Each structure stands twice: as structure tokens, then as C-alpha cells.
């Protein structure tokens with residue numbers, strides 16, 4: 001297997017510690033002390049964690065807590081993984097074979113098409129249109145399906161655009177997958193963060209589809225939404241056959257989720273409402289500021305307001321090279337945006353509004369003068 005370079009990683013690593021980092025895709029990270037204080041968890045409980053070789057599926061307690069975020073009740077249908085990346089790596093290698101066709105949205109997070117490509121699949125891109133607010137169109141998916149199609153991948157809330165696929169469209173896509181015997185995978189990294197008041201989560205595509213069709217799976221995580229990027233805990237939901245096959249694949253990779261990570265993820269999910277409230281206090285303020293800013297700068301940017309997650313994908317109206325634009329901001333203001341070249345779209349850039357409001361406000365004031 002040969003895997004291509006992940007285009008965004010050098011940029012994110014090189015400019016991680018700039019004064020204004022708007023290039024990332026998660027909420028600003030907590031320290032362990034800040035996280036435990038917010039969750040009212042005694043740090044001494046960490047002393048009780050045994051560094052054993054734990055269950056390769058993830059602890060029973062963590063899997064049960066994950067299920068509370070879904071309508072699924074069978075613990076055998078969830079596998080804890082080291083980040084969503086491991087879940088995707090296992091799933092693609094279990095489900096796909098060389099020569100299969102995979103339908104993936106474009107623009108898209110690179111992992112979702114490079115890993116199937118590395119398996120030997122042909123990638124069929126479903127272009128997301130600004131005119132449709134970057135929401136996938138079921139009729140276009142139907143047109144792309146052939147006898148070789150094996151998998152459809154839907155990313156909602158979407159990275160990098162922030163679009164959210166309505167439930168009625170998810171149901172239609174599920175019908176198309178079922179009619180053609182095609183697997184359907186939902187990447188729902190941001191399901192905890194619809195950009196609305198309150199702590200309600202988005203309904204999973206897995207929950208919408210699982211009673212209609214059995215070839216459905218979803219991946220999820222708390223890392224980006226809860227400011228826990230370094231924790232690297234994700235999961236996969238699917239039918240038992242797929243979960244068991246992915247577990248066997250995991251035995252050749254990380255084998256287990258470290259007990260400390262498993263425990264901290266359990267703490268996070270038990271306190272998810274508290275964490276969501278904290279994150280949303282910041283990001284909903286940021287979105288209001290961002291909408292005002294984009295209206296002021298509408299001659300400079302084409303902006304589709306995000307509906308979920310922590311990122312959006314504006315388009316430069318007066319420039320064609322977002323790399324030059326982003327490097328200018330770095331050099332002059334120590335401010336980082338992610339160039340759209342990381343998603344194969346040179347005129348765009350990804351902007352993260354998952355910062356504390358006071359920092360985000362300062363960053364927007366800088367951008368107003370650019």
C-alpha cells in the first residue's frame with residue numbers, strides 16, 4: 001500500500017504556535033487540568049488507572065457511554081479506535097477491494113479519498129456546489145453509481161465547508177445505497193456541534209439508516225468538538241460482522257486504546273453537555289462576529305455560512321492564489337489560515353472559528369484591515 005502525502009499536515013505543524021491559529025479544525029485544546037476542572041473530576045482518579053493491556057474493543061464503560069449518543073443499543077456494534085483515522089483505515093481495508101469504485105464528496109478531507117485510493121479503488125468525486133450550500137444532491141449520487149460502486153461516503157457536518165446534510169436527504173441517499181447494494185459510511189466528527197443554541201446533537205446518519213439498510217456505518221469522535229485533539233479517541237458503529245472484522249484489523253495496528261485515553265474519553269462523554277455548553281458559549285459568539293465580518297467584506301470573500309462543526313470555507317473574490325494570501329497573513333500578522341490547496345481548491349481557504357471569543361475577535365479585526 002502506498003499513501004500520498006497528507007497536504008495539510010506540514011502547514012498545520014509548521015504554524016501550530018502562531019499568535020492567531022485559525023487553520024486548525026478543532027476547538028482550542030484544553031490542558032488536562034482545565035479539562036478535569038471543567039468536568040469536576042478529581043485528578044487523583046488518574047492514579048487509580050491500571051496500565052493493563054485492555055479490551056481491544058475499548059472498555060465496556062466507554063462503549064456504553066458512546067451508545068448514549070446514538071439510538072443504537074447493542075454494544076457489539078461499536079468499536080473504540082485510536083482516532084477516527086484508525087476507524088477509517090480499518091473500515092476501508094475490510095470493506096473495499098482493488099477495482100471498487102468509491103463515491104466521495106469534493107471538496108473533502110483528504111483521508112476520506114486517499115485511503116480508499118491506496119486500497120486500489122477508483123475515486124468518483126461528487127462535486128458539492130456553492131449554489132446548493134455545499135449539500136450533496138442525491139440525484140447526482142444516483143447518476144455516479146455503476147456496477148463497480150462499493151461505497152458512498154458522506155461527511156456531515158462537513159469539513160471544510162461546515163454544511164449539514166438534512167435528514168430527508170440522508171434518507172434518500174440511504175435508499176439509493178440500498179437499491180444498489182452499496183455500503184454507506186457517515187463521517188460525523190462534528191455531530192456534537194450543530195450551530196444552534198442548546199446542547200442537542202445532530203441525529204446520526206447511522207441512526208437514520210440502520211433500520212432501513214444493514215450496510216451502514218458511522219465514525220465519530222470527541223477530540224475536535226471538545227478541545228481534546230491530543231486524546232486521539234474515536235469509534236466506529238456498524239453491524240457486528242463489520243465491527244468484528246475491523247477489530248481483527250485493529251489487532252495489527254494499535255491493538256488497544258491506552259487506558260488513560262479510554263478513561264479521559266469516558267469522563268468527556270459523561271460530561272458532554274457541560275463541555276458542549278462551554279464550547280458553544282465561544283463558537284456561537286464567534287459565528288455572529290464572523291457573519292458580520294463577512295457581510296462587511298463581501299466584496300473580498302464569497303461566504304457560505306456553516307451550519308455545524310468548527311470550520312468554514314470562504315472563497316477569495318479578488319485573488320486566485322490562497323497560498324500567497326495565507327503566507328502574507330503569516331508573515332505580517334502571525335495569523336494562520338489553511339490554504340484551499342489542501343483540498344484541491346486553490347481560491348479558497350479553511351477558517352476555524354473554534355477559538356476563545358476574545359482571541360477570535362482580535363483575529364477578525366486584523367483580517368478587516370487586510
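The values are calculated or read from the model by the stated rules, or taken from the named source; none is laboratory data. Since we're looking at a predicted model, the values are computed, not measured. Using ideal geometry, Cβ is built from the backbone for each residue, glycine included, and neighbour counts are taken over all protein chains shown.
Assorted remarks:
- Of the residues examined, residue 108 is one that is part of a loop (DSSP other than H, G, I, E, B), surrounded by 20 or more Cβ atoms within 10 Å (Cβ to Cβ) and within 20 Å of the chain's Cα centre (by Cα).
- Residue 322 within 27 Å of residue 76 (Cα to Cα), in contact with a helix residue (DSSP H, G or I) (Cβ under 7 Å, 6 or more places away or on another chain) and touching a residue at least 24 places away in the same chain (Cβ under 8 Å): no
- Complete set of residues in the stretch 42-67 that are over 21 Å from residue 90 (Cα atoms) and surrounded by fewer than 12 Cβ atoms within 10 Å (Cβ to Cβ): 42, 43, 44, 45, 47, 48, 50, 51, 52
- Considering residues of the stretch 17-41 that are surrounded by fewer than 11 Cβ atoms within 10 Å (Cβ to Cβ) and in a loop (DSSP other than H, G, I, E, B) only, the residue farthest from the chain's Cα centre (by Cα): 40
- Test: residue 254 is in a loop (DSSP other than H, G, I, E, B), touching a residue at least 24 places away in the same chain (Cβ under 8 Å), surrounded by fewer than 21 Cβ atoms within 10 Å (Cβ to Cβ) and touching a helix residue (DSSP H, G or I) at 6+ places or on another chain (Cβ under 7 Å): yes
- Boolean, residue 243 is touching a residue at least 12 places away in the same chain (Cβ under 8 Å), under 18 Å from residue 138 (Cα atoms) and not in a loop (DSSP other than H, G, I, E, B): no
Per-residue answers, yes or no, for (1) surrounded by fewer than 22 Cβ atoms within 10 Å (Cβ to Cβ); (2) at pLDDT below 95; (3) over 24 Å from residue 239 (Cα atoms); (4) outside the structural domain of residue 232 (by TED's automatic domain parsing):
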site	(1), (2), (3), (4)
70	yes, no, no, no
79	no, no, no, no
90	no, no, no, no
97	yes, no, no, no
101	yes, no, no, no
119	yes, no, no, no
126	yes, no, yes, no
157	no, no, no, no
167	yes, no, no, no
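- Taking the criterion of being farther than 22 Å from residue 40 by Cα, under 21 Å from the mean Cα position of the chain (by Cα) and outside the structural domain of residue 54 (by TED's automatic domain parsing), the residues of the stretch 235-289 that qualify are 283, 284, 286, 287.
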